[in-house]
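Taken together, the values in this text are just the output of simple stated rules run on the coordinates, not laboratory data. From a predicted model like this one, the values you see are computed outputs, not experimental measurements. Because the Cβ atoms are built from the backbone with ideal geometry, glycine has one as well, and the counts that use them run over all protein chains shown.
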Amino acid sequence: MNKITNVNRRQFLISTAVVGGAFTIGITAASDADAALTKPWESPKGGAELSPWLSIMPDDTIMVRVATPEIGNGAMTQTAMTITEELESDWSKMQVEGAPADRNLKENGVYTQAGGSLAYFAGRSTTDARMKLALQVGASARERLKAAAAAQWKVPVAEVTAAKSMLTHTPTGRTLTYGQVAVKAAAIKLKEEPALKPQSEWKFLGHATPAKLSAPAIASGSAVFGMDVRVPGMVYAALRQSPVHGGKLKSFDASAVKKMPGVIDVIVVDPDEPRDTSKIKAPMTLAGAMPQSAIAVVAEHYWQAAKALEALPVEWTDGPGGQWKTYKQMRDATTDAISKPGSKVMVERGDISGLDKSAKIVEADYFTPYSDQMTMEPLNGTALVTADSVEIWHPSQHPEQGLWVAAAEAGVSPDKVKFNQTYVGGGFGRRVFGNDSRMVVAVAKKVQGRPVHVIWSREESVRQGRYRPLVAAKFKAALGANGLPEMLLSRAALGEGGYFIGWIDSPYTVAQIKNVRLETQTLPLHLLTGPYRGPGYNSFGFMYETFIDECASAAGIDPLEYRLKLLEGWPDSGWSGSLKEAAKQAGWGKKLPKGMGQGIAIANWAGGGKPQSGTTVAAVATVEVSSAGELKIHALDIAFDTGRIVNKDAVQVQLEGGAIFGLNMAMNEELTIANGRVVEGNYDTYPIMRMGDVPKINIHFGGLSGHDRFSEVGEPPVGVIGPAIGNAIFAATGQRVRSQPFRKLDLNWA
Amino acid sequence: MALELKINGTTLTTDADPSTPLLWVLRDHLGMTGTKFGCGIAQCGACTVHVNGMATRSCQLPVAAVAGADITTIEGLAPNADHPLQTAWVEMNVAQCGYCQSGMIMAAAALLKQNPKPTDQDINVAVNNVCRCGTYPRVKAAIHKAAGTMQS
């Protein structure tokens, strides 16, 4: 029996027991399915609730409630697909909405379970626990629908079959639709939860590749993102936070703008004002959602608010972040730090004391800059705050956290917060800290009686980020007689809030190199950081895989062959399989004209240093560098191992998107600092690739090991695209690329 | 002083200040939120509409400048959101987060009107909108597909 069928039934029963059939809602109105599609917080009225995750409408529409917000990765659609497999429902009847975070709170954690991926409202839909849960939700509902039909026909349930949202009494051919018996089914309690079918019998999962359920609303322009929320009586606020992170508002002159058209008020957000958090016992940390010193202009329309904010005289006290007069100072601080021993040892295996006396030493320093997630939808949110309640409409990656943050900022009991999840215009980690919900409520609570839509301009979004941290790292290895590293010392220096994925958990670190020491040095750089697609991994993937390439070159061994040797004995065929598949498909080793080259890289996301875990991705870049230094990327060939896949098309588009994200990160992205302030603010200075800039991206499925897991695909490509391109540039020109972004390097080889 | 605007075949009036960009008049004054705010500097293309049939970025375009012009937004592109591009977009699962896609579709629709059978290069030039999710390969494929549908 495989893992998915091995469901913990007791756990499922515990979580459903809270509501069981007790929350059955009578049929009161026809369903309004279209409204649900475009305004996800407006549930269709009527229908029967079979469980907190599932309601069936009289017209057979099935509404699935999902705790993983849709941020473009298909997480909500995938959950509906997983339920469909066991529910035996008609896919065309399936709809999704966000599981309400306020209901989770009021109903004793009905959508969450302590520990693991079910603990919070964020992330992906294909973790083992989430898939089991969705399958069980579907199976349970199916059996109750069958029982309801059997009762209506007064026949044994064994004579009833379910398929395509239709119940059939096999001996007589009588039929009922799911919608026709849903109310009765909702009142039925099963004696025992049904067993799940084995994966080998899946008919829908692993086969069907429907468009995301959000596709029609998006193509018609009717999907309501946070930016599109319109609530009666709503006013707008344009927001400005201290341009130096951690700085404070010193003075402003509201009278200069109060008479401007539409202006209602000028509002100050003071991080030091007392906030009553006595009612806040959040199940997650709210540390990333602290208020920042800010000022906002509230007006009848956003443009009026924005113009008035522009005209508002404001002075700031910079605080410690102001000491960074130039970006070079910050870079130098990190690169100086890695020339000395680190303050913290992250990994120590074996003994590297003989490293400096070794016969063959390879050493190199690498650098990756601050980068912003640059979501297409600028940060924003809408809230109505009263004396004892908050209602918020928000594009969040983590609605449950958003609810707690709103309660904390407004000083109300969390059960007095209604959190309405909207469509999300990109996440990439930016919307998981809840600091945007914080600032929305901080402004809205000072506007009496009217909901406030708080909007960050693009520049404000970029300059008030939670950035991919700036990282400098040294790698130093002693190569043995076989050319492979015997000892490795690596030191990383970075600002506050670092992530170390792709470094401390690399198979090279945890197993394949026998003597390893990794040290870190955290510097006070005073800039806010946070998760950015593939945190840590997006820097260390580049550094580690470039360094391995340098070792291969020093040993005089082909980079592909070198990696395969280094991975010998690593008990996960997904690594060698992905390398070989990417290399084969790219025509690795083929003769290329002068100025052209191929580079390879491999890494694993979220495996935690364990074999057959997380997602392994290998990439081959084929590039051309003109003698004047112009870089053209001809193709990216990508192979991967997630174990298995449940939706080939979804995997394909996420890998493509992740590759383009990784490509842009490596080629283009860098935030610089002057006088403590982020310089870049918009697409003119922080370029994002457009259609004509994107090379041919080939996603190959031949690296899949078939191991029993469905690991994620959105983040894994970002770690390998940069090093594959950098290593290809080396192959083409002999010039080693050790810092990002590549567009700022001189690749001239004439 | 009310301004008259011809949007999606209907004459609408707005009391917005004439210097207000068309984007914000559409979104805040007229409640048509399919046209998106992305950058405010006419870079990303999320705010693309048609002005007299031409793909135009609306975030820096004062509304006074388009009084009397024929303006089409994503809401008015096709009666039942069934423009061949919109159909292709759904069939090919193009969108990821979806925020930039109205603008992409509007840019592509203007292109197909002028050039019913665009090459990859034509598409690269005409649809130079920004997408952070990386939907570009699918966007391009969907434009080719819609072009095929419209020809047949």
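Using Cβ contacts closer than 10 Å as the measure, can you line up A:TRP153, A:TRP503 from fewest to most? It would help to have the intermediate numbers written out before the result.
On the way: A:TRP153 17, A:TRP503 26.
Neighbour counts put them in this order, fewest first: A:TRP153, A:TRP503.
Search the structure for amide H atoms under 5 Å from the amide H of A:VAL269, placed 1.01 Å from N in the peptide plane, and list their residues when 5 or more places away or on another chain.
It is A:ALA294, A:ILE295, A:ALA296, by chain and number.
Restrict the search to region A:293-390; then list the trypsin sites (Lys or Arg not before Pro) that DSSP places in a loop and that have at most 11 other Cβ atoms within 10 Å of their Cβ.
none
Output wanted: per-residue J couplings in Hz (rounded whole) for region A:231-242, from phi through Karplus 6.51 cos²θ - 1.76 cosθ + 1.60, θ = phi - 60°, x for Gly and Pro.
The phi angles translate into 10, x, x, 5, 10, 10, 10, 9, 10, 9, 9, 3 Hz.
Roughly what angle does helix B:136-151 make with the longest principal axis of chain B, taking Cα atoms, 0 to 90 degrees, to the nearest 10?
90
What is the magnitude of the charge dipole of chain A about its Cα centre, with +1 placed on the Cβ of each Lys and Arg, -1 on the Cβ of each Asp and Glu, and no other charges, expressed in debye to the nearest 20? Numbers along the way, then the final one.
On the way: 79 positive and 75 negative charges, 136 e Å.
Computed about the Cα centre, the dipole is about 660 debye.
Treating region B:31-152 as a set of equal point scatterers at the Cα positions, no solvent, please give the Debye-formula log₁₀ I(q)/I(0) at q = 0.13, 0.14, 0.16, 0.22 Å⁻¹.
One equal scatterer on each Cα of region B:31-152 leads to -0.46, -0.54, -0.71, -1.37.
Taking the Cα centre of region A:386-509 as origin and charging only Cβ (+1 Lys, Arg; -1 Asp, Glu), how large is the dipole, in debye to the nearest 20? Walk me through the intermediate numbers first.
Values: 15 positive and 11 negative charges, 71 e Å.
With only Lys, Arg, Asp and Glu charged at Cβ, the dipole is about 340 debye.
Please report the spacing between the Cα centers of region A:629-707 and region A:348-371 in Å, no decimals.
28
If each Cα of region A:497-577 is one equal point scatterer, what is log10 of I(q)/I(0) from the Debye formula at q = 0.12, 0.15, 0.16, 0.26 Å⁻¹?
Calculated log10 I(q)/I(0) at the listed q: -0.43, -0.64, -0.72, -1.39.
Give the order of A:ARG103, A:ARG431, B:ARG132 when sorted by the count of other beta carbons within 10 angstrom, beginning with the fewest.
Numbers: A:ARG103 16, A:ARG431 33, B:ARG132 28.
Neighbour counts put them in this order, fewest first: A:ARG103, B:ARG132, A:ARG431.
Cα gyration tensor of region A:561-604, axes a ≥ b ≥ c as square roots of the eigenvalues: rounded (a/c below 1.5), prolate (a/b > b/c) or oblate? Before the final figure, lay out the partial values.
On the way: a/c = 2.76, a/b = 2.32, b/c = 1.19.
Judged from the Cα gyration tensor, region A:561-604 comes out prolate (a/c at least 1.5, a/b above b/c).
Which lysines have a Cα less than 16 Å from the Cα of A:LYS648, not counting those fewer than 8 places away in the same chain?
Reachable lysines: A:LYS203, A:LYS212.
Contour minus end-to-end for A:GLN735 and A:GLU159, with contour as 0.36 nm per residue of separation and end-to-end as the Cα-Cα distance? Don't skip to the end; give the middle numbers.
Numbers: separation 576, 0.36 × 576 = 207.36 nm, distance 7.25 nm.
My answer for the length gained is 200.1 nm.
With the cut-off at 27 Å, report for region A:399-531 the share of all Cα pairs above it, as a whole percent. Could you put the intermediate results ahead of the total?
Details: 3931 of 8778 pairs.
It works out to 45 percent of all Cα pairs.
Using amide H atoms built in the peptide plane, which far-off residues or other-chain residues are under 5 Å from A:ALA601 H to H?
Placed amide hydrogens put A:ALA619 under 5 Å from A:ALA601.
Which order, highest average first, do A:243-249, B:42-48 follow once you tally other Cβ atoms within 10 Å for each residue and take the mean per peptide? Can you show the working numbers first?
Details: A:243-249: 20.4, B:42-48: 25.9.
So the order, starting with the most tightly packed, is B:42-48, A:243-249.
Using θ = phi - 60° and the Karplus curve 6.51 cos²θ - 1.76 cosθ + 1.60, what whole-Hz ³J(HN,Hα) does each residue of region A:200-209 get, with Gly and Pro shown as x?
Residue by residue, region A:200-209 yields 4, 9, 4, 10, 9, 5, x, 10, 6, 9 Hz.
Relative to the compact globular guide of 2.2 N^0.38 Å, what is the alpha carbon radius of gyration of region B:3-76, as a ratio?
0.94
Of A:LYS93/B:LYS140; A:LYS154/A:LYS191; A:LYS307/A:LYS416; B:LYS6/B:LYS117; A:LYS259/B:LYS6, which sit over 25 Å apart, Cα to Cα? It would help to have the intermediate numbers written out before the result.
Numbers: A:LYS93/B:LYS140 30 Å; A:LYS154/A:LYS191 19 Å; A:LYS307/A:LYS416 34 Å; B:LYS6/B:LYS117 29 Å; A:LYS259/B:LYS6 31 Å.
Check vs 25 Å cut-off fails for A:LYS93/B:LYS140; A:LYS307/A:LYS416; B:LYS6/B:LYS117; A:LYS259/B:LYS6.
Peptide B:24-33: average number of partner chain Cβ atoms within 10 Å per residue? Mind dumping the intermediate values first?
Details: counts 6, 2, 0, 6, 9, 3, 0, 2, 2, 9.
Mean inter-chain Cβ contacts per residue within 10 Å come to 4.
Considering the options A:ALA186, A:TYR366, B:ALA109, tell which one lies farthest towards the positive end of the dipole of the protein assembly as shown, charges being +1 on Lys and Arg and -1 on Asp and Glu at the Cβ, about the Cα centre.
Sorting the options by dipole projection puts first A:ALA186.
With Cβ to Cβ distances under 12 Å as the rule, what net charge do the other residues near B:SER152 carry (K, R +1; D, E -1)? If you can, show how the numbers build up before the last one.
Working: positive: B:LYS117, B:LYS145; negative: none.
Net of charged neighbours comes to +2.
Report the residue, chosen from B:ILE105, B:ILE71, B:ILE41, that carries the largest GNM mean-square fluctuation when chain B is represented by alpha-carbon nodes joined by springs under 10 Å.
B:ILE41
If the only charges are +1 at each Lys and Arg Cβ and -1 at each Asp and Glu Cβ, what is the size of the charge dipole of region B:3-76 around the Cα centre, to the nearest 20 debye? Each step should come with its number before you reach the end.
Working: 4 positive and 6 negative charges, 51 e Å.
Dipole about the Cα centre, nearest 20: 240 debye.
Indicate, rounded to the nearest 5 percent, the antiparallel portion of the DSSP beta bridges found entirely in region A:303-432.
Details: 4 of 9 bridges.
That works out to approximately 45 percent antiparallel.
Can you give the FRET efficiency to the nearest 0.05 for A:GLU561 and A:VAL231, using r as the Cβ-Cβ distance and R₀ = 56 Å? Could the numbers behind the result be given before it?
Details: r = 62 Å, r/R0 = 1.10.
After rounding, the FRET efficiency stands at 0.35.
Given the Cα atoms of region A:122-249, and with Rh set as the inverse mean 1/r over their pairs in the Kirkwood sense, what is Rg to Rh to two decimals? Don't jump to the answer; show the numbers that get you there.
On the way: Rg = 23.3 Å, Rh = 19.4 Å.
Expressed as Rg/Rh, it is 1.20.
Hey, if you put +1 on the Cβ of every Lys and Arg and -1 on every Asp and Glu Cβ in region B:3-76, which of B:ALA16, B:SER58, B:GLY31 ends up farthest toward the positive end of that dipole?
Looking along the dipole axis, the top candidate is B:SER58.
Counting only residues 5 or more places away or on other chains, whose amide H sits under 5 Å from the amide H of A:ASP90 once H atoms are built in the peptide plane?
Answer set, sorted by chain and number: A:SER165.
Would you mind telling me the antiparallel percentage of the DSSP bridges in the protein assembly as shown, rounded to 5?
Rounded to the nearest five, the antiparallel share is 75 percent.
Counting other C-beta atoms within 10 Å, which of A:THR622, A:THR209, A:THR326 has the fewest, and how do the rest follow?
On the way: A:THR622 26, A:THR209 15, A:THR326 12.
If I rank by nearby Cβ atoms, fewest first, I get A:THR326, A:THR209, A:THR622.
How are the Cα pair distances of region B:84-151 distributed, in percent, across 10 Å bins from 0?
24, 62, 14, 0
Find the all-direction average of the projected area of the Cα convex hull for the protein assembly as shown, expressing the result in square nanometres with one decimal place.
Working: hull surface 154.3 nm².
Average projection, Cα convex hull of the protein assembly as shown: 38.6 nm².
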